[in-house]
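*Asks:* There's a structure below that I have some questions on.
The values are calculated or read from the model by the stated rules, or taken from the named source; none is laboratory data. Just so it is clear, the structure is predicted and the values come from calculations on it, not from any experiment. Here the Cβ positions follow ideal geometry from the backbone for every residue, glycine too, while neighbour counts run over all protein chains shown. When the accessible area is computed, the model is the full protein with side chains, heavy atoms only, and any ligands, DNA or RNA have been set aside. Shrake-Rupley method; radii C 1.70, N 1.55, O 1.52, S 1.80 Å.
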Amino acid sequence: PVGDPDAALALWLEQKDDLLAGREPRPKGPGTGPTIRTLANAFLGHKRKLIDAGELSVRSFEDYHRVCAGLFDYFGRDRQIDALTQSDFAELRAHLSKTLGPVSLGNTIQRVRSVFKYAFDSEMIAAPIRFGPGFKRPSKKTIRLHKAAKGKKMFAREEILSVLDVAGPQLKAMILLGVNGGLGNADLANMPLSAVDLESGWVNFPRVKTGIDRRFPLWPETIEALRAALAKRPTPKDEADAGIFFITKYGARWCRTIFEQRPAAEGEEPTFRNYMENAIGKEFVKLLKEAGVEKKEGRSFYTLRHVFETIAGGSKDQIAVDYVMGHADDSMAANYREEIDDARLSAVVEHVRKWLFAK
């Protein structure tokens, strides 16, 4: 009504999140239920405790944080979670699919489900959220077709050798570890000095992502590169990094998650920013360009794990390959297998070495 401008303001405040996001405005619910903001704060607070207890990786927390931020942007922070409908989640999936591939979409959908499952498990809501049939992960067929369309995630041996020729001491050692034992970015950024025995030529280091035991022998070329990197290792700025093998020239880890609290305006709550600083990935891209290696979609430093897995499979000892990669094995045989002979591990990595350095 013209004579009641407060009513128009109240209607705008109720519907603005939907209108600005291009959605049809929906009722916010009875006005007493928990909001997306309340749920996200509680969920992320729970996950931070798991980090402190050593039960969750910082990388996983970053993924959850990104999902919660996405829920803020799409639904609005003050949207009540018990007022969300199946059509809301179907529209959310359609929105996500515009920018995410099938694999990333599936992972994001699973994390969204985890966030709302926490709401029920923690008794924030009386009944589980019904996502409906429109909020499912992409089928395996869709993922296979998408993967086939993108092409193989591989580097040719000539490309790897070209990058090694232009790499500095630390990056050269990291690249060799990626091909020698399938170590990824997080593994290298968190690998302690104690995990590497340059005298015996072995690495004993559980995979950072899963905590699964992993052990593999080092090539002579890798040992030489590690000695060179160690000789020029910068002094860490943080005491917590004193035992880490690879340190940037700025005295920090090569991959780290940074938490920032932004100052709040008067009367508003402070906001937080959480992002991953991946110096390994950035420097590797520079090396590809310097070496004249084509930068294709999907090919990054982590592709070296694909290289190791693919070439090592030619050794015909998949059990040993999985052990070096740090892959989980839930088979009955794995429950009875207490160790793997070092000769099998040596045969696997030597098979990859002959491929890379073949004359």
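*Asks:* State all residues of region 324-350 that are over 14 Å from Trp202 (Cα atoms) and open to solvent by 70 Å² or more (accessible area, probe 1.4 Å); if no residue qualifies, say none. Walk me through how you get there before you give the answer.
*Replies:* Start the filter on region 324-350 by keeping residues that are over 14 Å from Trp202 (Cα atoms), which leaves 325-340.
Of everything in region 324-350, those that are over 14 Å from Trp202 (Cα atoms) and open to solvent by 70 Å² or more (accessible area, probe 1.4 Å) turn out to be Ala328, Asp330, Met332, Asn335, Tyr336, Arg337, Glu338, Glu339.
*Asks:* Taking the conditions exactly as written (in contact with a helix residue (DSSP H, G or I) (Cβ under 6 Å, 6 or more places away or on another chain) and either open to solvent by less than 90 Å² (accessible area, probe 1.4 Å) or modelled with pLDDT of 90 or more (or both)), does Leu19 satisfy them or not?
*Replies:* Against the criterion (in contact with a helix residue (DSSP H, G or I) (Cβ under 6 Å, 6 or more places away or on another chain) and either open to solvent by less than 90 Å² (accessible area, probe 1.4 Å) or modelled with pLDDT of 90 or more (or both)), Leu19 does not qualify.
*Asks:* Check Leu177, Leu164 and return the single one that is under 20 Å from the mean Cα position of the chain (by Cα), closer than 24 Å to Ala231 by Cα and outside any loop (DSSP other than H, G, I, E, B).
*Replies:* Leu177
*Asks:* Just one of the numbered conditions (1) open to solvent by less than 30 Å² (accessible area, probe 1.4 Å); (2) at pLDDT below 90; (3) among the acidic types (Asp, Glu) is not true of Glu24; which one?
*Replies:* Going through the list (1) open to solvent by less than 30 Å² (accessible area, probe 1.4 Å); (2) at pLDDT below 90; (3) among the acidic types (Asp, Glu), Glu24 breaks only (1).
*Asks:* Okay, next question. Do we have any residue at all in region 258-267 that's in a loop (DSSP other than H, G, I, E, B), at pLDDT 85 or above and more than 17 Å from Asn185 (Cβ to Cβ)?
*Replies:* No, because not a single residue in region 258-267 is in a loop (DSSP other than H, G, I, E, B), at pLDDT 85 or above and more than 17 Å from Asn185 (Cβ to Cβ).
*Asks:* Under the condition of being at pLDDT 95 or above and more than 21 Å from Ile311 (Cα to Cα), which residue from region 169-187 is most open to solvent (accessible area, probe 1.4 Å)?
*Replies:* Pro169
*Asks:* Go through region 203-232 residue by residue and tally those that are open to solvent by 30 Å² or more (accessible area, probe 1.4 Å) and in contact (Cβ under 8 Å) with a residue 40 or more places away in the chain.
*Replies:* So the count comes out to 11.
*Asks:* Before we move on, is Glu290 among the acidic types (Asp, Glu) and more than 19 Å from the chain's Cα centre (by Cα)?
*Replies:* yes
*Asks:* Continuing with this model, one more query. Out of the residues in region 287-312 meeting the condition of being small (Gly, Ala, Ser) and closer than 23 Å to Lys354 by Cβ, tell me which one is surrounded by the fewest Cβ atoms within 10 Å (Cβ to Cβ). Walk me through it before giving the result.
*Replies:* Just the residues of region 287-312 that are small (Gly, Ala, Ser), to begin with: 291-292, 298, 300, 312.
Filter again for closer than 23 Å to Lys354 by Cβ, leaving 291, 312.
Values: Ala291: 16, Ala312: 26.
Once the filter is applied, the top-ranked residue is Ala291.
*Asks:* Taking the residues in region 117-153 that are part of a loop (DSSP other than H, G, I, E, B) and polar (S, T, N, Q) as candidates, determine which candidate is nearest to Leu100 (Cα to Cα).
*Replies:* Result: Ser139.
*Asks:* Are any of the residues in region 238-257 basic (Lys, Arg), open to solvent by 50 Å² or more (accessible area, probe 1.4 Å) and assigned to a loop (DSSP other than H, G, I, E, B)?
*Replies:* Within region 238-257, the subset basic (Lys, Arg) is 249, 253, 256.
Still in the list and also open to solvent by 50 Å² or more (accessible area, probe 1.4 Å): 249, 253, 256.
In the following step, the residues that additionally are assigned to a loop (DSSP other than H, G, I, E, B) were identified as 249, 253.
Looking for residues that are basic (Lys, Arg), open to solvent by 50 Å² or more (accessible area, probe 1.4 Å) and assigned to a loop (DSSP other than H, G, I, E, B), one finds at least one in region 238-257, hence yes.
*Asks:* Next question, about the same structure. Restricting to region 97-116, give me the number of residues that are among the hydrophobic types (A, V, I, L, M, F, W, C) and either open to solvent by 30 Å² or more (accessible area, probe 1.4 Å) or not in a helix (DSSP H, G or I) (or both).
*Replies:* Result for region 97-116: 2.
*Asks:* Could you tell me whether region 144-154 includes any residue that is open to solvent by less than 90 Å² (accessible area, probe 1.4 Å), in contact (Cβ under 8 Å) with a residue 12 or more places away in the chain, under 24 Å from Trp219 (Cα atoms) and more than 22 Å from the chain's Cα centre (by Cα)?
*Replies:* The answer is no; no qualifying residue exists.
*Asks:* Take the residues in region 39-78 that are within 27 Å of Pro133 (Cα to Cα) and touching a strand residue (DSSP E or B) at 6+ places or on another chain (Cβ under 6 Å); name whichever of them is surrounded by the most Cβ atoms within 10 Å (Cβ to Cβ).
*Replies:* In this case the residue turns out to be His65.
*Asks:* Output the number of residues of region 308-339 satisfying the condition of being free of Cβ contacts under 8 Å to residues at least 24 places away in the same chain and either in contact with a His (Cβ under 6 Å, 6 or more places away or on another chain) or over 16 Å from Val179 (Cβ atoms) (or both).
*Replies:* 14
*Asks:* Applying the selection to region 35-65, what residues are in contact (Cβ under 8 Å) with a residue 40 or more places away in the chain and within 25 Å of Asp187 (Cβ to Cβ)?
*Replies:* Across region 35-65, the qualifying residues are Ser57, Val58, Arg59, Phe61, Glu62, Asp63, Tyr64, His65.
*Asks:* Let me ask something else about it. Look at Arg353 and say whether it is modelled with pLDDT under 95 and surrounded by 16 or more Cβ atoms within 10 Å (Cβ to Cβ).
*Replies:* The answer is no for Arg353.
*Asks:* Of the residues that make up region 73-93, is at least one modelled with pLDDT under 90, in a strand (DSSP E or B), of a type outside the set (Ser, Thr, Tyr) and closer than 25 Å to Leu20 by Cα?
*Replies:* Yes, that holds for at least one residue.
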